[in-house]
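The values are calculated or read from the model by the stated rules, or taken from the named source; none is laboratory data. Given the structure is predicted, the values throughout are model-derived calculations rather than measurements. Quick reminder, even Gly has a Cβ in these numbers, built from the backbone with ideal geometry, and neighbours come from all protein chains shown. SASA here: full protein model, heavy atoms, side chains in, ligands and nucleic acids out. Shrake-Rupley method; radii C 1.70, N 1.55, O 1.52, S 1.80 Å.
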Amino acid sequence: MAKLDDTDRQLLMLLQEDDRQPLAALSEKTGVAVSTVNDRIKRLVRSGLITGFHARVAPEAVGLNLLAFILVSWSNPKVETGFLQRVKASPDVLECHHITGAWNYLLKVRVGTTRELERFLTETVKAVDGLERTETLITLSSAKESWQVSVAAGAEHP
């Protein structure tokens, strides 16, 4: 996709704030016709810049009160396939990142209690053959959590 123009950037920011805004409201805020807004949104979806429209559920409202970050490490590269299969199949894992440094992966996990976290660690993470070590960090509070990304002017996008 070519560079984003100011209207594309504005639409992306508005949709990240509230993706349920009517096209008429987006049209008014961007100063372009409703049909143009609709066409631009479809183009942004087709190009992969918008990957979906989703409801954000408050984890605590559904009993997922514990947020933890888990660092995992191994030295044998053959461990990775089994680890990723287990992680991708687990509804407890919100994010899984391949990272640099002394660790192989960082997991973001949401569960209800420390007992459930222990079960997750035992049955999902530590059950992987060849996994050598883990470190679990339990979040006490979160000063900021965001799903919005910056779409600043001049940013290049594929």
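What the table below lists for this structure:
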quantity: Which listed pairs, of Lys78/Lys108; Lys29/Lys108; Lys42/Lys78, have C-alpha distances above 32 Å, in listed order; calculated: Lys29/Lys108; Lys42/Lys78
quantity: For peptides 8-14, 32-38, sequence by mean Cβ density within 10 Å, most packed first; calculated: 8-14, 32-38
quantity: Semi-axis lengths, Å, region 99-158, gyration tensor of Cα atoms, sqrt of 5 times eigenvalues; calculated: 31, 18, 10
quantity: Positive dipole terminus of region 45-140, leading residue within Val57, Ser75, Val111 (C-beta point charges); calculated: Val57
quantity: Estimated translational D of the chain in µm²/s (Stokes, Kirkwood radius over Cα pairs; 37 °C; 0.692 mPa s); calculated: 177 µm²/s
quantity: Sulfur and carbon atoms: percent of accessible area, the chain [1.4 Å]; calculated: 52 percent
quantity: Using alpha-carbon coordinates, inclination of helix 6-17 to the longest axis of the chain, degrees; calculated: 50 degrees
quantity: Percentage relative contact order, the chain, counting C-alpha pairs under 8 Å, at least six apart; calculated: 33 percent
quantity: Net +/- balance of residues flanking Asp18 in space, Cβ distance below 12 Å, scoring K and R +1, D and E -1; calculated: +1
quantity: Tilt relative to the chain, helix 34-46 - C-alpha long axis, 0 to 90 degrees, to 10; calculated: 30 degrees
quantity: The chain, accessible area per residue, ligands and nucleic acids excluded (1.4 Å, Å²); calculated: 64 Å²
quantity: Cross-link partners of Lys88 among aspartates and glutamates (Cα-Cα below 13 Å; sequence separation of 8 or more within a chain); calculated: Glu80
quantity: The chain - charge dipole about Cα centre, Lys and Arg +1 at Cβ, Asp and Glu -1, debye rounded to 20; calculated: 220 debye
quantity: Principal axes of region 1-86: Cα extent on each, largest first, Å; calculated: 55, 36, 18
quantity: Helix 79-89 vs. the chain, principal-axis angle (Cα, 0 to 90°, nearest 10); calculated: 60 degrees
